[in-house]
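Read-outs throughout are calculated quantities, based only on the coordinates presented, and are distinct from any laboratory measurement. Keep in mind that what you see is a predicted model, and the values were worked out from it rather than measured. Positions of Cβ are generated from backbone atoms using ideal geometry, with glycine treated the same way; all protein chains shown enter the neighbour counts.
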Amino acid sequence: MTDTERPDAAASAHPVLRSHAEDAFAEELEALAAADDHPRPTGWRLSPRAVSTYLLGGEVPGTRRVITPKYVGPRRVVEVAIATLATDRALLLLGVPGTAKTWLSEHLAAAVSGDSTLLVQGTAGTAEEAMRYGWNYARLLSEGPSRAAMVPSPVMRAMGEGMTARVEELTRIPADVQDTLITVLSEKALPIPELGEEVQASPGFNLIATANDRDRGVNELSSALRRRFNTVVLPLPETEEAEVEIVSRRVQQLGSSLGLPAPKGAEEIHRVVRVFRELRQGVTADGSTKLKSPSATLSTAEAISVVTGGLALCAHFSDGVLRAGDVAAGIRGAVVKDPSADAQVWREYLESVVRERDGWKDFYRACRETE
């Protein structure tokens with residue numbers, strides 16, 4: 001998308017609920033670009049080293065400017081993802097729900113191309129036109145097939161402009177539509193049979209796709225398409241402290257955009273994360289008690305949602321301090337997805353673990369009140 005085509009967020013007539021990464025962190029990207037003296041692949045706004053700093057946090061070389069972390073996770077995983085985009089292989093971010101696949105994809109595109117909006121959202125109804133191109137049928141009928149009558153897909157636009165395209169939830173897209181990417185990724189060209197032409201990718205073009213581990217078997221990637229990707233698996237947070245940091249950081253960002261006060265009551269964030277991790281792993285944090293796991297994923301993203309909901313409750317209906325009662329209902333709703341099975345798992349966890357845990361009496365009472 002060119003500068004004239006893309007809306008300028010700064011000049012927007014009205015505020016937006018959620019800015020694109022390249023707009024929200026424009027100052028950081030500009031500071032990194034100004035100080036970046038490392039080699040940049042053709043078409044990249046930053047060098048791979050600067051992209052890594054943008055994603056993982058650090059300081060702008062030669063200044064005291066601090067770059068906030070966008071992704072909390074293994075450095076090597078991020079470096080492999082960045083290096084992949086500097087090759088002719090596309091990048092597939094794979095992981096269970098809540099491992100920040102979409103978040104990392106957006107920020108990678110923002111840092112590499114300065115534009116994260118060339119996006120195809122994968123669903124069961126995604127059509128081939130979303131990957132290739134469609135037609136303005138009024139112009140098609142009046143003028144016949146022509147470039148002017150075409151409606152380019154985000155992938156086609158990214159190819160022509162040497163940008164990074166994004167495909168979310170690739171395995172939710174029908175298999176025949178997925179396979180339209182094979183020629184794009186292998187030949188770096190998109191045929192237009194109606195015109196007897198093709199669009200060839202400009203330097204800088206690449207594609208980032210995301211897929212959910214839990215979706216395996218929905219629309220499994222063909223072996224031919226999978227070979228065109230370098231797959232990077234995003235892990236769940238390794239430690240409780242890392243997950244608390246992620247949840248705290250995202251809740252603060254979301255709260256700011258929603259006009260909510262900064263969270264007070266960090267203890268409840270620790271409790272939500274502890275409950276999610278224990279039920280997800282099927283064992284208490286000290287390893288002393290084995291637990292049944294519910295059918296729900298209990299991802300980090302869901303923990304963020306529970307805490308954000310609790311923050312809204314305490315901000316609007318209490319004194320702004322996050323307490324057990326503010327997160328109890330949200331936790332139960334996240335855990336109990338299947339009322340017949342998960343309700344029993346949750347009840348057993350409350351009685352065998354939460355009830356006996358020192359300092360958790362208020363949390364136990366709040367959770368029981370939601371029953």
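Between 243, 187, 268, the Gaussian network model of the chain with springs among Cα atoms under 10 angstrom shows the greatest mean-square fluctuation at 187. Modelled label positions at residue 337 and residue 139, each set 7 Å beyond Cα in the direction of Cβ, lie 4.3 nm from each other. Sequentially through region 306-315, phi angles give Karplus couplings (6.51, -1.76, 1.60; θ = phi - 60°) of 4, 5, 5, x, x, 5, 5, 4, 5, 6 Hz, Gly and Pro residues having no value and appearing as x.
Once the mean 1/r over all distinct Cα pairs of region 189-261 is inverted, what Kirkwood radius in angstroms do you read off? Walk me through the numbers on the way to the answer.
Numbers: mean 1/r = 0.0582 Å⁻¹.
It is 17.2 Å.
At a Förster radius of 35 Å, what calculated FRET efficiency corresponds to the Cβ-Cβ distance of residue 256 and residue 288, to the nearest 0.05?
Here the calculated transfer efficiency is 0.35.
Label-to-label distance, residue 356 versus residue 68, with points set 7 angstrom from Cα along the beta-carbon direction: 4.2 nm.
With the simple spin-label model, which puts each label point 7 Å out from Cα in the Cβ direction, the residue 226 to residue 59 separation comes to 4.5 nm.
Using θ = phi - 60° in the Karplus curve 6.51 cos²θ - 1.76 cosθ + 1.60, the 3J(HN,Hα) couplings for region 231-245 round to 8, 10, 8, 8, x, 5, x, 5, 10, 5, 5, 5, 5, 4, 4 Hz; x is entered for Gly and Pro.
With coordinates expressed along the principal axes, the C-alpha atoms belonging to the chain extend over 72, 51, 40 Å, beginning with the largest.
Between residue 186 and residue 75, the FRET efficiency estimated from the beta carbon spacing at R0 = 35 angstrom works out to 0.70. Stretching the chain fully between residue 88 and residue 317 yields a gain of 77.1 nm (0.36 nm per residue, less the alpha carbon separation). Across region 145-161, rounded Karplus estimates of 3J(HN,Hα) from the backbone phi angles (6.51 cos²θ - 1.76 cosθ + 1.60, θ = phi - 60°) give x, 7, 4, 5, 8, 7, 10, x, 6, x, 5, 5, 5, 4, 4, x, 9 Hz, Gly and Pro being marked x.
Placing R0 at 51 angstrom, the Cβ-Cβ distance between residue 124 and residue 42 gives a FRET efficiency of 0.90 after rounding to 0.05. DSSP beta bridges fully contained in the chain are about 35 percent antiparallel.
Across the chain, the relative contact order, built from alpha-carbon pairs under 8 Å that are at least six residues apart, equals 15 percent. Among the trypsin sites (Lys or Arg not before Pro) in region 310-361, those placed in a DSSP loop whose Cβ has at most 16 other Cβ atoms within 10 Å are 337, 355, 357. When the trypsin sites (Lys or Arg not before Pro) in region 50-129 are filtered for DSSP coil states and for at most 11 other beta-carbon atoms within 10 Å of their beta-carbon, the remaining sites are 64. Computed extension gain for residue 218 through residue 200, at 0.36 nm per residue and net of the alpha carbon distance, reaches 3.3 nm. Checking the table 70/361; 264/292; 70/292; 290/361; 292/361; 70/264 against a 29 Å threshold on Cα-Cα, which pairs fail? Where the Cα-Cα span goes over 29 Å, the pairs concerned are 70/361; 264/292; 70/292.
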